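Okay, structure first, notes after.
The values are calculated or read from the model by the stated rules, or taken from the named source; none is laboratory data. Keep in mind that what you see is a predicted model, and the values were worked out from it rather than measured. Here Cβ is always computed from backbone atoms with ideal geometry, including for glycine, and neighbour counts include all displayed protein chains. Quick note on the areas: whole protein, heavy atoms, side chains included, nothing else; ligands and nucleic acids left out. Shrake-Rupley method; radii C 1.70, N 1.55, O 1.52, S 1.80 Å.
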Amino acid sequence: MKRLFVLLAVVLAFAGCSYKFNGASIPPTMKTINVRFFENRAPLVVPTLAQTFTEDLKERIRTQSRLSITTGEADAIMEGEITGYDIKPIAFTDNRQPTAGANRLTITVSVSYTNNLDTGKVKTSFKESFSAFKDFTLSGGTLQSQEQALIKQVNQQLTENIFNRAFAQW
């Protein structure tokens, strides 16, 4: 009987929480989010980057939360722009000619997250910049042959960081 009471107490304690086991802490009243298109304003422009990043962010929210993505009025809004896209050498080979042995692709995104349901003491809305990178070599290939896969990997880290900042208030 004592075990049943403890089990019931634990179940009831978690019943009112908004915690999910993927780390997201989304209020139960939040149902919708509007993820607006992220324009590419980086000095070096990759034509598909804005569309790819925006869709990757939507996919992260779709698969990691119960929120419905809408284009109209929403409980939350996520918007911003891509502000940086850099490829820089990080190591040189020992050859007599200076050639890059390893390179780093870095993408920076400015994000504004507005929680339209914020009414409590703790405000979850924010505006900040996020950067992520991936190191790579060009051994036997070209940047063009690797670029889309590298962008996908960097976007994966970026969208995870943005999602955690918005929905996993630890």
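Here is how the numbers come out for the structure above:
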quantity	calculated
Any hit, segment 72-82, residues being within 15 Å of the chain's Cα centre (by Cα), of a type in the set (Asp, Glu) and open to solvent by less than 30 Å² (accessible area, probe 1.4 Å)	no
Candidates Thr52, Thr63 - the one that is open to solvent by 80 Å² or more (accessible area, probe 1.4 Å), at pLDDT 95 or above, out of contact with any Ser or Thr (no Cβ under 9 Å at 6 or more places or on another chain) and not charged (D, E, K, R)	Thr63
So Ile90, is it of a type in the set (Val, Ile, Thr) and either modelled with pLDDT of 95 or more or touching a Phe, Trp or Tyr at 6+ places or on another chain (Cβ under 7 Å) (or both)	no
Residues of segment 41-52 classified as in contact with a strand residue (DSSP E or B) (Cβ under 6 Å, 6 or more places away or on another chain) and within 16 Å of Thr159 (Cα to Cα), total	2
Criterion: polar (S, T, N, Q), open to solvent by less than 90 Å² (accessible area, probe 1.4 Å) and modelled with pLDDT under 95 - qualifying residue of Asn34, Asn22, Asn40, Asn95	Asn22
Close pairs from segment 51-69: first free of Cβ contacts under 8 Å to residues at least 24 places away in the same chain and closer than 13 Å to Ile151 by Cβ, partner open to solvent by less than 60 Å² (accessible area, probe 1.4 Å) and not in a helix (DSSP H, G or I), Cβ under 7 Å, at least 6 apart	Thr54/Val35; Thr54/Phe38
Qualifying positions in segment 66-87 - modelled with pLDDT under 95 and hydrophobic (A, V, I, L, M, F, W, C)	Ile87
Set Gln153, Gln144, Gln148: member being at pLDDT below 95 and within 23 Å of Arg36 (Cα to Cα)	Gln148
